[in-house]
Amino acid sequence: MVRAALVPGRRRTIDLKLLEKPVFARSLLIITIGLSLAAGCSREPQSQTTTKPTADEVTVYTALDRQFSEPILEEFTRQTGIRVNAVYDTESTKTVGLVNRIMAEAQRPRCDVFWNNEILNTLRLKEAGLLQSCTPEQAQYFPQRYRDPEHYWHGFAARARVIIVNTDRVPADARPTSIRDLADPRWRGQAGLAKPLFGTTASHVAVLWEMLGAEATRALLQSYRDNEVRIAAGNKTCAEMVGASRLAFGLTDTDDALIEIESGKPVAIVFPDGGPDQVGTLLLPNTLALIKDCPHSQAGARLIDYLLSPEVEARLAEGPSGQIPLHAKCKVHSRAAKLEDIKQMDVNFAQAASAFSDAAGYIEGHFLAP
């Protein structure tokens, strides 16, 4: 039987300054209005059940694409008998919408487990005091850099931030090798990235903000703007635009790039900045966290331990998303690349999370301004 020990969460209050930032205030207003309208509209994105909650159920908010996460959650139910009520995100708002929803429900949590497809917004929840510590048995098999020393979050199944290249439009000897190549004048108006206010693209910018510094990151983003880099609604859309030859190349995640490759599109993956003097490729793990004062903490802890298992990592690696396993006992490799073959960017995720608000404010106020 799987056991997972729970440690009482620290008493914290939500940082109201976080909600004063324009981008987060507007996001919170949007999600609050959406929740109000949901009372009279279809509840399809929410739990389908109308039965009285029991101890044999768990509610998970997941930012991992439904097509990837839903079969795994269904298998958990088959193995344990614990019903999973899943709330999925949308491609346009990604993690931010779910995080704002958890914040809005802070006084009366509905979510038990937050399955994030990245990490920085999970750290925002920790800093707001909305998570409780959990020590699943499987956590010991993951690298320390991908798990919280206080056990408030657990990373697994990473994706890499890569450049997807259209091989019909870009000759092999002219392929980009760095994220800086989006600013190369010869590719003016032909490179793209997802709107960097949501999902892994927002996390990528926050990491650069912390690693390179605010001034250097602002200069990089301005060089993108000057080069007329095109902004897609999401990473999937960006990858599809490259696959359809509407872009020469773009920044995306390995899962979206793999889908284009395996659907027969003329594209290739480049792991950027892997040279001796370069910063490396950013890996962003999925993260799992137990919500403070959640209604089903024991079932939630059991779900977290299940999702951290090498079997689940193997399934995510072998499935359409081709996630990169981090579990020491997982012997399956992603079709995108082996972990040991990637020069990983050395990231302080906690500091990057602290930079998130400033980065987002600049993006909304300057980079995306008309």
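Considering only the stretch 115-144, state which residues are in a strand (DSSP E or B), of a type in the set (Ser, Thr, Tyr) and open to solvent by less than 10 Å² (accessible area, probe 1.4 Å).
Of the stretch 115-144, the ones in a strand (DSSP E or B) are 115-116, 131-136.
Of the ones still in play, those that are also of a type in the set (Ser, Thr, Tyr) are 133, 135.
133 - this is the single residue of the stretch 115-144 that is in a strand (DSSP E or B), of a type in the set (Ser, Thr, Tyr) and open to solvent by less than 10 Å² (accessible area, probe 1.4 Å).
Return yes when residue 369 is part of a helix (DSSP H, G or I), of a type outside the set (Lys, Arg) and open to solvent by less than 60 Å² (accessible area, probe 1.4 Å) and no when it is not.
Working: part of a helix (DSSP H, G or I): no; of a type outside the set (Lys, Arg): yes; open to solvent by less than 60 Å² (accessible area, probe 1.4 Å): yes.
It is false that residue 369 is part of a helix (DSSP H, G or I), of a type outside the set (Lys, Arg) and open to solvent by less than 60 Å² (accessible area, probe 1.4 Å).
Do we find that residue 146 is modelled with pLDDT under 95 and among the aromatic types (Phe, Trp, Tyr) in this structure?
On the way: modelled with pLDDT under 95: yes; among the aromatic types (Phe, Trp, Tyr): yes.
Against the criterion (modelled with pLDDT under 95 and among the aromatic types (Phe, Trp, Tyr)), residue 146 qualifies.
If I ask for residues that are among the acidic types (Asp, Glu) and assigned to a helix (DSSP H, G or I), which ones from the stretch 204-231 would you list?
210, 215, 226
Of all residues in the stretch 242-252 being touching a residue at least 40 places away in the same chain (Cβ under 8 Å) and of a type outside the set (A, V, I, L, M, F, W, C), which is nearest to residue 180 (Cα to Cα)? Show your work before the answer.
Narrowing the stretch 242-252 to residues touching a residue at least 40 places away in the same chain (Cβ under 8 Å): 242-243, 245, 247-252.
Pick out the ones that are also of a type outside the set (A, V, I, L, M, F, W, C) and you get 243, 245, 250, 252.
Working: 243: 21, 245: 21, 250: 11, 252: 14 Å.
Out of the qualifying residues, it is 250.
Could you check the stretch 232-261 and list, in sequence order, the residues that are in contact with a Ser or Thr (Cβ under 9 Å, 6 or more places away or on another chain), outside any helix (DSSP H, G or I) and of a type outside the set (A, V, I, L, M, F, W, C)?
Matches in the stretch 232-261: 234, 252, 253.
Kindly indicate which of 239, 232, 202 is open to solvent by less than 10 Å² (accessible area, probe 1.4 Å), within 21 Å of residue 174 (Cβ to Cβ) and either in contact with a Lys or Arg (Cβ under 9 Å, 6 or more places away or on another chain) or touching a residue at least 60 places away in the same chain (Cβ under 8 Å) (or both). Before you say what the answer is, go through the steps one by one.
Details: 232 fails: within 21 Å of residue 174 (Cβ to Cβ); 202 fails: within 21 Å of residue 174 (Cβ to Cβ).
Exactly one residue qualifies, and that residue is 239.
Does residue 77 satisfy being open to solvent by less than 10 Å² (accessible area, probe 1.4 Å), assigned to a helix (DSSP H, G or I) and either β-branched (Val, Ile, Thr) or out of contact with any Pro (no Cβ under 9 Å at 6 or more places or on another chain) (or both)? Explain how you work it out, then say what you get.
Numbers: open to solvent by less than 10 Å² (accessible area, probe 1.4 Å): no; assigned to a helix (DSSP H, G or I): yes; either β-branched (Val, Ile, Thr) or out of contact with any Pro (no Cβ under 9 Å at 6 or more places or on another chain) (or both): yes.
So residue 77 fails the test.
Scan the stretch 139-149 for residues that are more than 17 Å from residue 324 (Cβ to Cβ) and touching a residue at least 24 places away in the same chain (Cβ under 8 Å) and jot them down.
139, the sole residue that qualifies.
Pick from 282, 303: which is touching a Phe, Trp or Tyr at 6+ places or on another chain (Cβ under 7 Å), buried (at least 20 other Cβ atoms within 10 Å of the Cβ) and hydrophobic (A, V, I, L, M, F, W, C)?
Working: 282 fails: touching a Phe, Trp or Tyr at 6+ places or on another chain (Cβ under 7 Å).
After ruling out the rest, the residue left standing is 303.
Yes or no: the stretch 123-137 includes at least one residue that is within 16 Å of residue 326 (Cα to Cα) and not hydroxyl-bearing (Ser, Thr, Tyr). Steps first, please.
Taking the stretch 123-137 and keeping what is within 16 Å of residue 326 (Cα to Cα), we get 136-137.
Among the residues that remain, those that are also not hydroxyl-bearing (Ser, Thr, Tyr) are: 136-137.
Checked the stretch 123-137: at least one residue is within 16 Å of residue 326 (Cα to Cα) and not hydroxyl-bearing (Ser, Thr, Tyr).
Every residue in the stretch 320-344 that is under 19 Å from residue 281 (Cβ atoms), in contact (Cβ under 8 Å) with a residue 24 or more places away in the chain, part of a loop (DSSP other than H, G, I, E, B) and over 16 Å from the mean Cα position of the chain (by Cα), please.
334, 335, 336, 337, 342, 343
Listed here are the residues, each with its yes/no results for (1) more than 30 Å from residue 303 (Cα to Cα); (2) open to solvent by less than 20 Å² (accessible area, probe 1.4 Å).
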site	(1), (2)
160	no, yes
166	yes, yes
177	yes, no
181	yes, no
184	yes, no
188	yes, no
192	yes, yes
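Can you name the number of the only condition in (1) part of a loop (DSSP other than H, G, I, E, B); (2) within 18 Å of residue 219 (Cα to Cα); (3) open to solvent by 80 Å² or more (accessible area, probe 1.4 Å); (4) not hydroxyl-bearing (Ser, Thr, Tyr) that residue 358 fails?
(1)
The values are calculated or read from the model by the stated rules, or taken from the named source; none is laboratory data. A quick note: this is a predicted structure, and the numbers were derived from the prediction, not measured. All Cβ positions, glycine included, derive from the backbone under ideal geometry; neighbour counts span all protein chains shown. Note: accessible area is taken over every heavy atom of the protein model, side chains too, but ligands, DNA and RNA are not part of it. Shrake-Rupley method; radii C 1.70, N 1.55, O 1.52, S 1.80 Å.
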